[in-house]
Amino acid sequence: MPEFPRVLPFGDRALLVEFEDVLSPEVNGRVRALARRLADVPGVIETVPAFRSVLAVLDPRAGSQDTAARTALELARSIPAAPSGTARVLDVPVVYGGDSGPDLPAVAGATGLSPDEIVFIHGSREYLVYMLGFAPGFPYLGTVDERLRVPRLDVPRIRVPAGSVAVADWLTGIYPSQTAGGWRLIGRTPLRTYDPADPDPFLFQPGDRVRFVPIPHAEFEGDLGTARPMRAAARPVLEVLEPGLYTTVQDAGRPGYRSRGLPASGAMDLLALRNANAAVGNHPNAAVLELTTPEPVLLALDQVTVAVAGADLPASVDGTPVSPEEPTPMARGQTLELRGQTPQFGLPRRGVWAYLALEGGVDVPRPLGSAATYVPGRLGGLAGRRLIAGDVLGRRSDPRGRPAGSPPAVALPGDEVVIRFVPGPQADWFTGDAMGVLTSSPYQVTVHADRAGTRLAGPALRHRGRADILSDGMLPGAIQVPGSGQPIVIMADGPTTGGYPKIGVVVSEDLRLLAQARPGTQIRFVEVSLSSLRGA
C-alpha cells in the first residue's frame with residue numbers, strides 16, 4: 001500500500017499531491033489547506049483542490065520540478081488532520097419534482113421512499129463543497145444521507161437545464177449552466193450559481209456549506225435565445241460574411257480559475273497563434289481568430305494587415321493567394337477567404353486549426369483577464385460564442401511584439417505522428433502489459449476530436465480493477481482511460497477535474513501536434529522520463 005501523503009508527477013508541468021483515498025471532510029480540509037499553502041510557493045501558477053488531492057500547476061521557468069515536489073511533500077506532511085472551511089453557509093432555494101425534478105419519482109422508486117420523504121431528507125442537512133469541477137462553478141456537495149444513495153443514469157442526458165439539483169452516489173450538486181449530465185435530477189433552483197457576465201462569475205468556492213430550502217414555486221430564466229450579431233465599439237476592420245464551422249477569438253488562455261471549474265482555454269496550437277501574431281508585429285499572445293473547416297469569409301471594413309498560420313488552409317484576398325505566415329495588407333472592401341482543398345470532409349491539406357491575426361490584435365472584452373472564448377461557459381470572445389454572420393471585429397492597438405516579418409515555419413503532423421508522454425499519476429491502476437500496449441500499438445484519431453478532448457481508437461488499455469477514481473485535477477495532455485479502455489486526451493477546453501485513471505500525460509511541446517492531427521491520423525506514443533526532458 002502506498003504511504004500518504006505522496007507527490008506524483010503530472011506530466012512536465014504539474015504535480016499531484018495525494019492524501020488517503022477516502023471521501024472525508026477531514027481529508028478534504030487538509031486538501032484545501034494545502035492548496036492555499038502551495039499557492040504561495042514560488043513557481044506555482046495555480047492549484048486545483050479535489051476530494052483527496054491537490055494539483056499544482058508549475059511555471060517551468062521558475063525552478064526545478066523536483067524542488068517543488070520536495071516542498072509540496074513537506075507542506076502536505078505538516079498540514080493538520082482537521083476540517084477547515086470558509087465559514088460561509090449558503091441557502092439554495094429549490095423547487096422539487098415535476099418538470100424541475102423529473103427523476104424524483106424514479107429516485108423514490110429506487111429508494112423505497114416517498115417523494116416528500118426524499119425532499120425532507122435532502123433538505124435536512126448541510127453539505128460541504130468538496131470541490132468544483134466538471135463545468136465552471138459546478139459544486140460537488142457531500143455527503144448525502146445513505147437512504148438517498150442512487151447510481152448515475154446509465155445513459156447521460158444530452159441537455160440538463162441550468163440550475164438543476166441532482167444526486168448521484170454519495171453526492172449532490174447543482175448544474176450551473178445547461179450541459180450534458182448523468183446525475184439524477186430531483187429539483188431546480190432559480191439561483192444563478194455561475195454568471196459569465198459577472199466580474200466574479202462563481203457563487204461557490206471549496207469549503208463553503210450549502211443548505212437546500214424547498215420552495216413552492218419559482219420562475220426560471222428561459223433559453224438563452226438566438227445569438228445576435230455583435231458590432232465592435234471602435235476601430236471596426238472586419239465583418240463576418242460566413243462564420244465557418246467553429247471560429248472563435250482565442251489568445252494564450254485564462255489561467256488561475258481551474259479550482260472553480262473553469263479551464264484556461266486559449267489556442268489549441270499556441271505556437272501557431274504566436275507565429276501569426278509575429279507576422280503582423282503583435283504581442284505574441286494577442287487575441288486572434290482560431291478557425292477550422294468549413295472556414296469563414298471576412299470582409300475588410302478598413303485598411304488592415306492580417307496573417308494566417310497553423311493548418312495548411314489556402315487563403316486568398318479577392319482571389320489572390322496569400323502566403324502563410326506573411327503579413328498581408330487588405331484594403332477596404334476586399335474579401336478574405338480560406339478554403340480547404342482535400343475531398344475528405346473538406347479538411348485542410350495538413351493540420352486542423354488555423355489562426356488569423358490582425359495587426360494590433362482582435363478587440364474584444366477580456367473577462368477574468370483573457371479574450372479566450374470558452375463556449376461551454378459562455379465566456380470571452382464575442383459573447384462567449386462562435387462567430388456568426390454579421391459580427392464585426394475591431395482592432396486593438398496593442399504594443400508591437402517585434403518587427404513584422406516571416407517567423408520560422410512550424411511543423412504540422414502528417415498521416416502518422418509521434419507523441420511523447422510521461423507516465424501518469426494512475427499508471428499503476430492498469431494491468432502490467434497496458435503501458436506496453438500503449439507504446440507498441442498505433443492509435444487512430446477519431447472524428448470525436450474537438451477543443452475539449454481527442455478520442456483515440458486502438459487496442460484497449462485494461463485496468464487492474466475499477467475504472468473510476470475519486471476525481472482529481474486535470475490539465476490538457478492528460479490521457480484518461482474510461483472503462484472502454486479507449487484513451488481520451490484532454491485538450492484546451494477539457495474539464496478541470498476527472499474521475500477516470502490517467503495512464504500518462506502528453507509532453508507539453510507535443511500537445512499541439514495532437515491538436516493538429518486530423519481524423520484518421522495514426523498516433524504512436526513514446527514513453528519518456530522527466531529527466532530526459534530536462535536533458536539530464
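Rundown of residues vs (1) among the basic types (Lys, Arg); (2) in the same structural domain as Gly381 (by TED's automatic domain parsing); (3) under 29 Å from Ala449 (Cβ atoms); (4) in contact (Cβ under 8 Å) with a residue 24 or more places away in the chain, yes/no style:
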position: Asn285; (1), (2), (3), (4): no, yes, yes, yes
position: Thr293; (1), (2), (3), (4): no, yes, yes, yes
position: Leu299; (1), (2), (3), (4): no, yes, no, yes
position: Asp302; (1), (2), (3), (4): no, yes, no, yes
position: Leu313; (1), (2), (3), (4): no, yes, yes, yes
position: Val317; (1), (2), (3), (4): no, yes, no, no
position: Glu325; (1), (2), (3), (4): no, yes, yes, yes
position: Pro329; (1), (2), (3), (4): no, yes, no, yes
position: Arg332; (1), (2), (3), (4): yes, yes, no, yes
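Here is a list: Arg61, Arg36, Arg30, Arg88. Which entry is within 30 Å of Val144 (Cβ to Cβ) and without any contact (Cβ under 8 Å) to a residue 24 or more places away in the chain? Answer to the selection: Arg36. In the range 264-274 there is no residue matching the filter, namely being farther than 21 Å from Gly477 by Cβ, of a type in the set (A, V, I, L, M, F, W, C), crowded, with 24+ Cβ neighbours inside 10 Å and out of contact with any Lys or Arg (no Cβ under 7 Å at 6 or more places or on another chain).
The condition (being touching a residue at least 60 places away in the same chain (Cβ under 8 Å) and among the hydroxyl-bearing types (Ser, Thr, Tyr)) is satisfied by just one residue among Ser24, Ser53: Ser53. Of the listed requirements (1) on the phi < 0 side of the Ramachandran plot; (2) surrounded by fewer than 24 Cβ atoms within 10 Å (Cβ to Cβ), Glu325 misses just one: (1). When the residues of the range 496-533 are filtered to those that are in a loop (DSSP other than H, G, I, E, B) and either aliphatic (A, V, I, L, M) or without any contact (Cβ under 8 Å) to a residue 60 or more places away in the chain (or both), which remaining residue is farthest from Asp468 (Cα to Cα)? Checked the range 496-533; the qualifying residue farthest from Asp468 (Cα to Cα) is Ala517.
Here Ser164 meets each of (1) within 30 Å of Leu382 (Cβ to Cβ); (2) at pLDDT below 95; (3) among the small types (Gly, Ala, Ser) with one exception, condition (2). Applying the set (1) within 30 Å of Leu298 (Cα to Cα); (2) among the β-branched types (Val, Ile, Thr); (3) at pLDDT below 90 to Val155 leaves exactly one unmet item: (1).
Residue check: Ser84 meets all listed conditions (1) modelled with pLDDT of 95 or more; (2) over 27 Å from Arg254 (Cβ atoms) but one, namely (1).
Select from the range 271-287 the residues that are of a type in the set (A, V, I, L, M, F, W, C) and more than 23 Å from the chain's Cα centre (by Cα) and list them in ascending order.
Selection gives Ala276, Ala278, Ala279, Val280.
Please work out if Val445 is under 21 Å from Trp353 (Cβ atoms) and surrounded by 14 or more Cβ atoms within 10 Å (Cβ to Cβ). When the stated conditions are applied, Val445 passes them. For Ala357, the conditions (1) in a loop (DSSP other than H, G, I, E, B); (2) modelled with pLDDT of 95 or more all hold with the exception of (1).
On the given criteria, is Ala72 modelled with pLDDT of 95 or more, closer than 18 Å to Gly256 by Cβ and crowded, with 22+ Cβ neighbours inside 10 Å?
No: the conditions fail for Ala72.
Report yes if Ile469 is surrounded by 14 or more Cβ atoms within 10 Å (Cβ to Cβ) and part of a loop (DSSP other than H, G, I, E, B), otherwise no. Here the answer is yes, as Ile469 does meet what is asked. Look at (1) crowded, with 21+ Cβ neighbours inside 10 Å; (2) more than 21 Å from Gly181 (Cβ to Cβ); (3) not aromatic (Phe, Trp, Tyr) and you find that Arg77 fails only one, number (1).
Selection of strands (runs of 3 or more DSSP E) fully inside the range 278-317 by the criterion of at least 2 residues being at pLDDT 95 or above and of a type outside the set (S, T, N, Q) returns 288-291, 297-300, 304-310. Within the range 186-211, being assigned to a strand (DSSP E or B) and either under 22 Å from the mean Cα position of the chain (by Cα) or surrounded by 24 or more Cβ atoms within 10 Å (Cβ to Cβ) (or both) holds for Ile186, Gly187, Arg188, Tyr194, Phe202.
Among the conditions (1) among the hydrophobic types (A, V, I, L, M, F, W, C); (2) out of contact with any Gly (no Cβ under 9 Å at 6 or more places or on another chain); (3) part of a strand (DSSP E or B), Val165 misses just one, which is (2). Could you tell me whether Leu34 is surrounded by fewer than 21 Cβ atoms within 10 Å (Cβ to Cβ) and under 18 Å from Tyr130 (Cβ atoms)? In short, no.
All of (1) more than 24 Å from Asp269 (Cβ to Cβ); (2) surrounded by fewer than 23 Cβ atoms within 10 Å (Cβ to Cβ) hold for Gly520 with one exception: (1). Checked against (1) out of contact with any Pro (no Cβ under 8 Å at 6 or more places or on another chain); (2) closer than 20 Å to Val213 by Cα, Pro105 meets all criteria but (1).
Just one of the listed residues (Gly98, Gly142) is closer than 18 Å to Gly498 by Cα and of a type outside the set (Val, Ile, Thr), and it is Gly142.
The values are calculated or read from the model by the stated rules, or taken from the named source; none is laboratory data. None of these values were measured; they are calculated from a predicted model. Note that each Cβ is placed from the backbone with ideal geometry, even for glycine, and that neighbours are counted across all protein chains shown.
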